[in-house]
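First the structure, in the form of C-alpha coordinates, and then the observations on it.
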(Lines give C-alpha, C1' and ligand atoms only; values in the text may rest on other atoms or scores of the structure.)
Protein backbone atom coordinates (compact mmCIF):
# COMPACT_ATOMS: atom_id res chain seq x y z
CA UNK A 1 0.00 0.00 0.00
CA UNK A 2 1.45 3.34 -1.02
CA UNK A 3 2.14 5.65 1.96
CA UNK A 4 0.18 8.47 0.34
CA UNK A 5 -2.95 6.30 0.23
CA UNK A 6 -2.58 5.58 3.90
CA UNK A 7 -2.30 9.32 4.58
CA UNK A 8 -5.54 9.89 2.69
CA UNK A 9 -7.23 7.16 4.76
CA UNK A 10 -6.05 8.91 7.93
CA UNK A 11 -7.47 12.21 6.67
CA UNK A 12 -10.81 10.51 5.96
CA UNK A 13 -10.87 8.88 9.39
CA UNK A 14 -10.02 12.22 11.03
CA UNK A 15 -12.95 13.86 9.23
CA UNK A 16 -10.72 16.29 7.30
CA UNK A 17 -12.35 15.34 3.98
CA UNK A 18 -15.84 14.63 5.27
CA UNK A 19 -17.72 11.65 3.86
CA UNK A 20 -16.22 10.22 0.67
CA UNK A 21 -18.44 10.98 -2.32
CA UNK A 22 -16.18 10.06 -5.23
CA UNK A 23 -13.10 7.89 -5.48
CA UNK A 24 -11.24 7.57 -8.76
CA UNK A 25 -8.30 5.23 -9.21
CA UNK A 26 -6.07 4.75 -12.23
CA UNK A 27 -4.02 1.56 -12.20
CA UNK A 28 -1.94 1.12 -15.33
CA UNK A 29 0.72 -1.56 -15.64
CA UNK A 30 2.46 -3.91 -18.03
CA UNK A 31 0.55 -7.03 -19.05
CA UNK A 32 0.12 -9.39 -16.12
CA UNK A 33 -2.80 -11.26 -17.64
CA UNK A 34 -5.76 -10.20 -19.66
CA UNK A 35 -8.84 -8.96 -17.87
CA UNK A 36 -11.97 -10.02 -19.66
CA UNK A 37 -15.37 -11.38 -18.80
CA UNK A 38 -14.25 -15.00 -19.03
CA UNK A 39 -10.87 -14.89 -17.25
CA UNK A 40 -9.97 -14.15 -13.63
CA UNK A 41 -9.33 -10.52 -12.79
CA UNK A 42 -5.65 -9.61 -12.34
CA UNK A 43 -4.30 -9.20 -8.80
CA UNK A 44 -3.54 -5.51 -9.41
CA UNK A 45 -7.19 -4.87 -10.18
CA UNK A 46 -8.35 -6.81 -7.10
CA UNK A 47 -5.98 -4.73 -4.97
CA UNK A 48 -7.56 -1.52 -6.26
CA UNK A 49 -11.08 -2.82 -5.58
CA UNK A 50 -9.84 -3.53 -2.06
CA UNK A 51 -8.50 0.04 -1.72
CA UNK A 52 -11.88 1.44 -2.77
CA UNK A 53 -13.74 -0.70 -0.23
CA UNK A 54 -11.19 0.21 2.45
CA UNK A 55 -11.56 3.95 1.81
CA UNK A 56 -15.35 3.90 1.45
CA UNK A 57 -15.79 1.68 4.48
CA UNK A 58 -18.82 -0.03 2.93
CA UNK A 59 -19.84 -2.26 0.05
CA UNK A 60 -21.22 -0.95 -3.23
CA UNK A 61 -24.86 -1.45 -4.15
CA UNK A 62 -24.20 -1.84 -7.86
CA UNK A 63 -21.33 -2.53 -10.25
CA UNK A 64 -21.00 -1.69 -13.94
CA UNK A 65 -17.92 -2.64 -15.94
CA UNK A 66 -16.90 -2.15 -19.55
CA UNK A 67 -13.71 -3.22 -21.18
CA UNK A 68 -11.73 -4.50 -24.06
CA UNK A 69 -8.49 -6.40 -24.22
CA UNK A 70 -6.19 -5.07 -21.50
CA UNK A 71 -8.45 -2.15 -20.49
CA UNK A 72 -11.33 -1.93 -17.99
CA UNK A 73 -13.48 0.79 -16.50
CA UNK A 74 -15.36 -0.22 -13.38
CA UNK A 75 -18.07 1.96 -11.86
CA UNK A 76 -19.17 1.21 -8.30
CA UNK A 77 -22.28 2.81 -6.83
CA UNK A 78 -22.49 3.15 -3.05
CA UNK A 79 -25.30 4.08 -0.66
CA UNK A 80 -26.16 7.80 -0.31
CA UNK A 81 -24.99 8.52 -3.88
CA UNK A 82 -21.26 7.92 -3.40
CA UNK A 83 -19.41 6.32 -6.30
CA UNK A 84 -16.04 5.04 -7.40
CA UNK A 85 -14.43 4.74 -10.82
CA UNK A 86 -11.53 2.37 -11.36
CA UNK A 87 -9.64 2.60 -14.64
CA UNK A 88 -7.34 -0.37 -15.20
CA UNK A 89 -4.96 -1.02 -18.08
CA UNK A 90 -2.42 -3.78 -18.57
CA UNK A 91 -1.04 -2.24 -21.77
CA UNK A 92 1.86 -0.13 -20.50
CA UNK A 93 5.45 -0.99 -21.37
CA UNK A 94 7.24 -3.15 -18.75
CA UNK A 95 8.76 -1.17 -15.90
CA UNK A 96 6.56 1.91 -16.27
CA UNK A 97 3.45 1.45 -14.08
CA UNK A 98 1.21 4.31 -12.99
CA UNK A 99 -1.24 4.54 -10.11
CA UNK A 100 -3.24 7.54 -8.98
CA UNK A 101 -5.98 8.12 -6.44
CA UNK A 102 -8.50 10.97 -6.22
CA UNK A 103 -10.89 11.26 -3.29
CA UNK A 104 -13.56 13.94 -3.19
CA UNK A 105 -15.34 14.20 0.12
CA UNK A 106 -18.10 16.39 1.47
CA UNK A 107 -15.55 18.72 3.14
CA UNK A 108 -12.40 18.41 1.01
CA UNK A 109 -10.45 16.48 -1.59
CA UNK A 110 -7.17 14.58 -1.81
CA UNK A 111 -4.96 13.31 -4.61
CA UNK A 112 -2.02 10.93 -4.64
CA UNK A 113 0.05 9.34 -7.38
CA UNK A 114 3.06 7.07 -7.49
CA UNK A 115 5.05 9.12 -10.02
CA UNK A 116 5.86 12.00 -7.69
CA UNK A 117 4.86 10.22 -4.47
CA UNK A 118 2.86 13.33 -3.67
CA UNK A 119 -0.40 13.83 -1.90
CA UNK A 120 -2.46 16.96 -2.38
CA UNK A 121 -4.98 17.73 0.32
CA UNK A 122 -7.62 20.41 -0.17
CA UNK A 123 -10.02 21.41 2.58
CA UNK A 124 -10.59 25.03 1.59
CA UNK A 125 -8.12 27.89 1.30
CA UNK A 126 -4.77 27.01 -0.20
CA UNK A 127 -4.17 23.37 -1.23
CA UNK A 128 -1.14 21.84 0.45
CA UNK A 129 1.14 19.13 -0.87
CA UNK A 130 2.52 16.52 1.48
CA UNK A 131 5.49 14.38 0.52
CA UNK A 132 4.63 10.87 1.68
CA UNK A 133 7.90 9.24 2.68
CA UNK A 134 7.32 7.68 6.06
CA UNK A 135 7.10 3.93 6.48
CA UNK A 136 3.59 2.75 7.18
CA UNK A 137 2.79 0.13 9.76
CA UNK A 138 -0.95 -0.40 9.23
CA UNK A 139 -2.08 -4.00 9.07
CA UNK A 140 -2.12 -5.55 5.63
CA UNK A 141 -0.97 -8.83 4.25
CA UNK A 142 2.03 -9.37 1.99
CA UNK A 143 -0.06 -8.96 -1.17
CA UNK A 144 -0.73 -5.31 -0.33
CA UNK A 145 -4.42 -5.88 0.33
CA UNK A 146 -6.02 -3.75 3.04
CA UNK A 147 -9.47 -5.21 3.50
CA UNK A 148 -10.17 -7.55 6.37
CA UNK A 149 -13.17 -8.87 4.43
CA UNK A 150 -12.04 -10.84 1.38
CA UNK A 151 -15.65 -11.87 0.81
CA UNK A 152 -16.53 -8.26 -0.09
CA UNK A 153 -13.61 -7.95 -2.51
CA UNK A 154 -14.48 -11.26 -4.18
CA UNK A 155 -18.20 -10.36 -4.36
CA UNK A 156 -17.34 -7.13 -6.18
CA UNK A 157 -14.92 -9.00 -8.48
CA UNK A 158 -17.64 -11.54 -9.32
CA UNK A 159 -20.05 -8.67 -10.08
CA UNK A 160 -17.42 -7.08 -12.35
CA UNK A 161 -17.12 -10.37 -14.26
CA UNK A 162 -20.91 -10.68 -14.48
CA UNK A 163 -21.23 -7.09 -15.74
CA UNK A 164 -18.53 -7.63 -18.36
CA UNK A 165 -20.34 -10.72 -19.63
CA UNK A 166 -23.87 -9.28 -19.56
CA UNK A 167 -22.88 -5.71 -20.49
CA UNK A 168 -25.28 -4.48 -17.83
CA UNK A 169 -25.09 -3.11 -14.30
CA UNK A 170 -25.19 -5.73 -11.56
CA UNK A 171 -26.96 -5.11 -8.28
CA UNK A 172 -25.25 -6.17 -5.06
CA UNK A 173 -28.16 -5.26 -2.81
CA UNK A 174 -29.22 -8.18 -0.68
CA UNK A 175 -26.05 -10.17 -1.37
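When we screen 132, 110 for residues that are within 27 Å of residue 30 (Cα to Cα), in contact with a helix residue (DSSP H, G or I) (Cβ under 6 Å, 6 or more places away or on another chain), surrounded by 15 or more Cβ atoms within 10 Å (Cβ to Cβ) and at pLDDT below 75, the only hit is 132.
Scanning the stretch 77-95 for residues that are within 20 Å of residue 166 (Cα to Cα) and in contact with a helix residue (DSSP H, G or I) (Cβ under 6 Å, 6 or more places away or on another chain) returns 86, 88. If only residues of the stretch 67-85 that are in contact with a strand residue (DSSP E or B) (Cβ under 8 Å, 6 or more places away or on another chain) and farther than 18 Å from residue 52 by Cα are counted, the one that is modelled with the lowest pLDDT is 70. Checking each residue in the stretch 1-16 for being farther than 14 Å from residue 102 by Cα and at pLDDT below 80 picks out 1, 3.
Listed here are the residues, each with its yes/no results for (1) out of contact with any helix residue (DSSP H, G or I) (no Cβ under 7 Å at 6 or more places or on another chain); (2) surrounded by 21 or more Cβ atoms within 10 Å (Cβ to Cβ); (3) farther than 18 Å from residue 153 by Cα.
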site	(1), (2), (3)
16	yes, no, yes
45	yes, yes, no
53	no, yes, no
70	yes, no, yes
75	yes, no, no
97	yes, no, yes
100	yes, no, yes
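When each of 88, 64 is tested for being at pLDDT 90 or above and crowded, with 22+ Cβ neighbours inside 10 Å, the lone residue that passes is 88. Could you list, in sequence order, the residues of the stretch 159-175 that are more than 16 Å from the chain's Cα centre (by Cα) and either assigned to a helix (DSSP H, G or I) or within 16 Å of residue 40 (Cα to Cα) (or both)? Residues satisfying the conditions are 161, 162, 163, 164, 165, 166.
Among the numbered conditions (1) assigned to a helix (DSSP H, G or I); (2) touching a strand residue (DSSP E or B) at 6+ places or on another chain (Cβ under 8 Å); (3) at pLDDT 90 or above, the only one that residue 46 does not meet is (2).
The values are calculated or read from the model by the stated rules, or taken from the named source; none is laboratory data. The structure presented is a predicted model; accordingly, all values stated were derived computationally and were not measured. So basically every Cβ, Gly included, is an ideal-geometry build from the backbone, and we count neighbours across all protein chains shown.
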